[in-house]
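A short worksheet on the structure shown next.
The values are calculated or read from the model by the stated rules, or taken from the named source; none is laboratory data. Quantities reported herein were computed from a predicted structural model and do not represent experimental measurements. Using ideal geometry, Cβ is built from the backbone for each residue, glycine included, and neighbour counts are taken over all protein chains shown.
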Amino acid sequence: MSTSIASELRKLLGDDAVTDDKATLVAHSGDKWFAAEEPEVVVFARSASDVSKLLKFASQKKISVTARGAGFGYVGGCVPVRKGIALSLMRMNRIKEIHFADAIAIVEPGVITADLKAAVRAQKLFYPPDPASMKDCSIGGNIATNAGGPRCLKYGVTRNYVIGLEVVLADGEVLRTGGRVHKNKTGFNLISLFVGSEGMLGVVTEITLRLLPLPPARATLSAAFATMSQAAAAVQEIFAQGFLPSSLEIADSFTLESARAKIGRAIVPSGSAHLLVDLDGQEESVRGEAAAVRELLARKKPNALEMAEGEIDCEKLWALRREFSNSLRATGLTKLNQDVVVPRSRIVDLVEFAEMLQRKHGFPIACFGHAGDGNIHVNIMADRFNRDPAVRNKVEHALDELFAKILAWGGVITGEHGIGLAKKRWWPEATSEVARDLHHKLKDILDPDGILNPGKFLD
């Protein structure tokens, strides 16, 4: 891109909205995945009008535009593969409205997820989606990947809370769909088309979210077991007895050993499997359910069993779960997170298959995640991944085997991170020819020149 394009953008949007200095280009070259590509210019949008002007300009010039939020994705989804323009939405960070009676929030895409959760909680309302990176990730990024989190077991994922969108299309036209009502059957569900579309169909500039009443009570149970089979059996028994926890999290031995090395053995309970069960609702019902679940877990002969009540004490038990990713990174190995989903009955099979891959290929594999819905994060821990092509080749072969097995079990290769670049190679295996053809037709209609986040799985 010539300097004249950057100059044109400054005239169009203002000097403070356009940057092409080296440090800013590098900062907008990727996300938490290892791949990166510097854009030729970064645009910081302040409004839907800015985004509309930019996309009209880019559409006329046939320039690639890769929209991005906070850059905390795990699959290279906001890497500007074709260089061009990186469009940052982080200056669009206003919570425009929280309305108690309507139980909605209207926000811009740059709002940090944890900030929104805190703001609605202060008004006795509840926004359930809670991705692990919620203190750093943005609502816009959550929309792009249809983010989940531990609470999606009971409450659902981001898509279940989006009831209105303002989207700027590739040609600069502004689409408003949905609104502030909680039920709407006026035509096709265009909202779901854009939620999870990874920035390839339009740029979201405003989101209307439905909120729930804030549950007044919460309890958490932490149980450690000698084996994953025991922990998985406890999960099945919880459901068999008619309980629906808000969260059910599981972790394997390598994950726990990494946590012991980082935060101390006194904090991490002994055992090769760990289970966290979260319950919420009215005080009396939570108290009764927690006692019943505790009794159920005790019958499974855990190595350790602990229960907490109330937000502060529950978060102390959750502190261990929130340290798992950091503990794995602290090993010094490259952590390659695969957010696969298997039928719930296959959780032990998945962990055992990961152990087989570990023995076969010679690198550790850590499994933890959302046992309640089968969304387990399989983390390949590779030494010299960024320096040794042979290691990368070995990882690719292991992933070939992992994804083939997941699909054979009726699972999927991503539950909440998206395809991005990281899983682009396996997109054809994970989908049918009819599904891929329909994706391409939708892309061609909404982005005929292919300027929005090019180079990803639809290319």
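What number of residues in the stretch 131-146 are out of contact with any helix residue (DSSP H, G or I) (no Cβ under 7 Å at 6 or more places or on another chain) and at pLDDT below 95?
So the count comes out to 1.
Can residue 197 be described as among the hydroxyl-bearing types (Ser, Thr, Tyr) and not assigned by TED's automatic domain parsing to the domain that holds residue 164?
Criteria not met by residue 197.
Whether any residue in the stretch 390-398 is in the same structural domain as residue 341 (by TED's automatic domain parsing), among the small types (Gly, Ala, Ser) and touching a strand residue (DSSP E or B) at 6+ places or on another chain (Cβ under 9 Å) is what I want to check.
Looking through the stretch 390-398, at least one residue is in the same structural domain as residue 341 (by TED's automatic domain parsing), among the small types (Gly, Ala, Ser) and touching a strand residue (DSSP E or B) at 6+ places or on another chain (Cβ under 9 Å).
Any residue in the stretch 348-365 that is assigned to a strand (DSSP E or B) and under 30 Å from residue 430 (Cα atoms)?
Yes: one or more hits.
Please verify whether the stretch 396-414 includes one or more residues that are of a type in the set (Val, Ile, Thr), in a helix (DSSP H, G or I) and either at pLDDT below 95 or touching a His at 6+ places or on another chain (Cβ under 9 Å) (or both).
no
Which one of these is touching an Asp or Glu at 6+ places or on another chain (Cβ under 7 Å), within 27 Å of residue 330 (Cα to Cα) and among the hydrophobic types (A, V, I, L, M, F, W, C): 371, 398?
371
State which residue is nearest to residue 204 (Cα to Cα) when the search covers only the stretch 111-125 and only residues that are surrounded by fewer than 17 Cβ atoms within 10 Å (Cβ to Cβ) and touching a residue at least 60 places away in the same chain (Cβ under 8 Å).
Restricting to residues being surrounded by fewer than 17 Cβ atoms within 10 Å (Cβ to Cβ) and touching a residue at least 60 places away in the same chain (Cβ under 8 Å), the top hit is 121.
To keep it simple, each residue is scored yes or no on (1) crowded, with 22+ Cβ neighbours inside 10 Å; (2) within 23 Å of the chain's Cα centre (by Cα); (3) under 29 Å from residue 153 (Cβ atoms); (4) modelled with pLDDT of 95 or more.
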| residue | (1), (2), (3), (4) |
| --- | --- |
| 353 | no, no, yes, yes |
| 363 | no, no, no, no |
| 389 | no, no, no, no |
| 436 | no, yes, no, yes |
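How many residues are aliphatic (A, V, I, L, M) and either out of contact with any Ser or Thr (no Cβ under 6 Å at 6 or more places or on another chain) or part of a loop (DSSP other than H, G, I, E, B) (or both) when one looks only at the stretch 178-190?
1
Looking only at the stretch 228-239, decide whether some residue is buried (at least 17 other Cβ atoms within 10 Å of the Cβ) and at positive phi.
no
Is it fair to say residue 207 is within 30 Å of residue 67 (Cα to Cα), at pLDDT 95 or above and not hydroxyl-bearing (Ser, Thr, Tyr)?
Taking the combined requirement at face value, the residue satisfies it.
If we scan the stretch 21-32, do we find a residue that is in a strand (DSSP E or B) and out of contact with any helix residue (DSSP H, G or I) (no Cβ under 9 Å at 6 or more places or on another chain)?
Yes, the stretch 21-32 has at least one match.
In the stretch 159-189, which residues are closer than 24 Å to residue 59 by Cα, surrounded by 17 or more Cβ atoms within 10 Å (Cβ to Cβ) and free of Cβ contacts under 8 Å to residues at least 60 places away in the same chain?
Correct list: 165, 167, 177.
Which residues, taken from the stretch 330-350, are loosely packed, with under 15 Cβ neighbours inside 10 Å and among the basic types (Lys, Arg)?
Within the stretch 330-350, none qualify.
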